[in-house]
1. Taking Glu11 as the residue in question, decide whether it is within 16 Å of the chain's Cα centre (by Cα), modelled with pLDDT of 95 or more and open to solvent by 70 Å² or more (accessible area, probe 1.4 Å).
2. Among the listed residues Gly31, Gly26, Gly76, Gly69, which satisfies the condition of being at positive phi and not basic (Lys, Arg)?
3. Test Ser61 against the criterion of being within 16 Å of Ala142 (Cα to Cα), polar (S, T, N, Q) and touching a residue at least 24 places away in the same chain (Cβ under 8 Å), and give yes or no.
4. Consider Met5 against the criteria (1) at pLDDT below 95; (2) within 20 Å of Ser156 (Cβ to Cβ); (3) more than 12 Å from the chain's Cα centre (by Cα); (4) of a type outside the set (S, T, N, Q): it satisfies all of them except one. Which criterion is unmet?
5. Being at pLDDT 95 or above, among the charged types (D, E, K, R), closer than 18 Å to Leu39 by Cα and surrounded by fewer than 17 Cβ atoms within 10 Å (Cβ to Cβ): is that true of Arg143 here?
Amino acid sequence: MGARMDLIAGETNDILLAVAVDDWEGLRDRGRFPAHLALGAGLDPTWLDLFSEATRAVTGSSDPEDFLGACSELDGPNDIGDRTVERIDRAWLAAVARITDHEVDAVAARWIDLLDEEYGELMPREGVPWVRRLAAEVVGFARAAQNAADVLFAWSL
């Protein structure tokens with residue numbers, strides 16, 4: 001199994017069960033899971049740290065904190081097979097949800113610059129629309145997840 005990162009909103013036990021049995025299709029059920037964002041392979045959690053940094057730069061705010069700092073261990077088991085599951089702090093979600101539609105493009109542009117600085121040029125500039133879409137998807141996820149019982153980060157590298 002390759003690298004995988006997912007942000008999932010819903011009841012903790014439902015999320016853990018879905019992750020444990022690899023029910024990724026079931027995560028589309030908005031009655032059980034108000035939001036799910038599959039971040040895919042090729043990314044690692046530091047990408048979301050850089051997203052947080054880009055957000056701070058664009059909004060001029062001290063929020064959101066780095067993503068990894070906003071994740072904490074669950075009470076009880078947090079290893080589901082080869083995946084680790086952590087809780088995402090509500091303050092991180094709220095700060096991301098506050099990014100305006102107008103700011104999303106600027107956050108994405110700054111995120112791309114930070115990714116290039118950290119990892120070297122990822123791709124030619126004309127090939128980065130997916131990062132812009134991903135920035136909008138992260139914001140959309142945060143907005144949809146705000147009223148969920150819990151929001152978890154399931155990942156494996």
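The values are calculated or read from the model by the stated rules, or taken from the named source; none is laboratory data. From a predicted model like this one, the values you see are computed outputs, not experimental measurements. When we count neighbours, we look across all protein chains shown, and the Cβ atoms used for this are built from the backbone with ideal geometry, even at glycine. Ligands, DNA and RNA are stripped out before the accessible areas are found, and what is left, the full protein with its side chains, is counted by its heavy atoms. Shrake-Rupley method; radii C 1.70, N 1.55, O 1.52, S 1.80 Å.
1. Numbers: within 16 Å of the chain's Cα centre (by Cα): no; modelled with pLDDT of 95 or more: yes; open to solvent by 70 Å² or more (accessible area, probe 1.4 Å): yes.
Against the criterion (within 16 Å of the chain's Cα centre (by Cα), modelled with pLDDT of 95 or more and open to solvent by 70 Å² or more (accessible area, probe 1.4 Å)), Glu11 does not qualify.
2. On the way: Gly31 fails: at positive phi; Gly26 fails: at positive phi; Gly69 fails: at positive phi.
Gly76 is the lone residue from the list that is at positive phi and not basic (Lys, Arg).
3. It is false that Ser61 is within 16 Å of Ala142 (Cα to Cα), polar (S, T, N, Q) and touching a residue at least 24 places away in the same chain (Cβ under 8 Å).
4. (3)
5. Details: at pLDDT 95 or above: yes; among the charged types (D, E, K, R): yes; closer than 18 Å to Leu39 by Cα: yes; surrounded by fewer than 17 Cβ atoms within 10 Å (Cβ to Cβ): yes.
It is true that Arg143 is at pLDDT 95 or above, among the charged types (D, E, K, R), closer than 18 Å to Leu39 by Cα and surrounded by fewer than 17 Cβ atoms within 10 Å (Cβ to Cβ).
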